[in-house]
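The values are calculated or read from the model by the stated rules, or taken from the named source; none is laboratory data. Everything numeric in this text was worked out from a predicted model, so none of it was measured. Methodologically, a virtual Cβ is constructed for each residue, glycine included, from the backbone with ideal geometry; neighbour enumeration extends over all protein chains shown.
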Amino acid sequence: MAAFNYNAPADLFPARSKTGRRPVGYRRFGTAAEAIRFAVEQMPFELLDGTILEIESVRVDGVGIRVLYESVDYPLAKTSR
C-alpha cells in the first residue's frame, strides 16, 4: 500500500470468534499505527482474519493489516508475539 497514513484516526472492527462471540469489540484509535499494533500484537490471532480496519474511508482486511504492520514504513516499535 503506497502512501498509507499511519497517523490518521482509525476504527477497528474485530471479527467474531468461531463460537459467535466477539471477545474484542469495536475500538477507535487516535492513529492507524496504534490500531494496527493492537490488532496484530494484542488481539487473539484467529480474529485477525475477519477484522476490518477503517482509515479515512479506506477499509483494510486482516491480510492488509498484517502487510501494513510488516511494512518498513510502520512507525511504531514492534514486540514479538
Return the pair list, or none, for Cβ contacts closer than 6 Å from residues in the range 57-73 that are closer than 11 Å to Val40 by Cα to residues that are of a type in the set (A, V, I, L, M) and surrounded by 15 or more Cβ atoms within 10 Å (Cβ to Cβ), at least 6 apart or on different chains. Gly62/Leu48; Ile65/Ile36; Ile65/Ala39; Ile65/Leu53; Leu68/Ile36; Tyr69/Ile36; Tyr69/Val40
The range 1-27, subset modelled with pLDDT under 85 and among the hydroxyl-bearing types (Ser, Thr, Tyr), residue nearest to Val60 (Cα to Cα): Ser17
How many of the residues in the range 42-81 are among the charged types (D, E, K, R), modelled with pLDDT under 95 and surrounded by 13 or more Cβ atoms within 10 Å (Cβ to Cβ)? 0
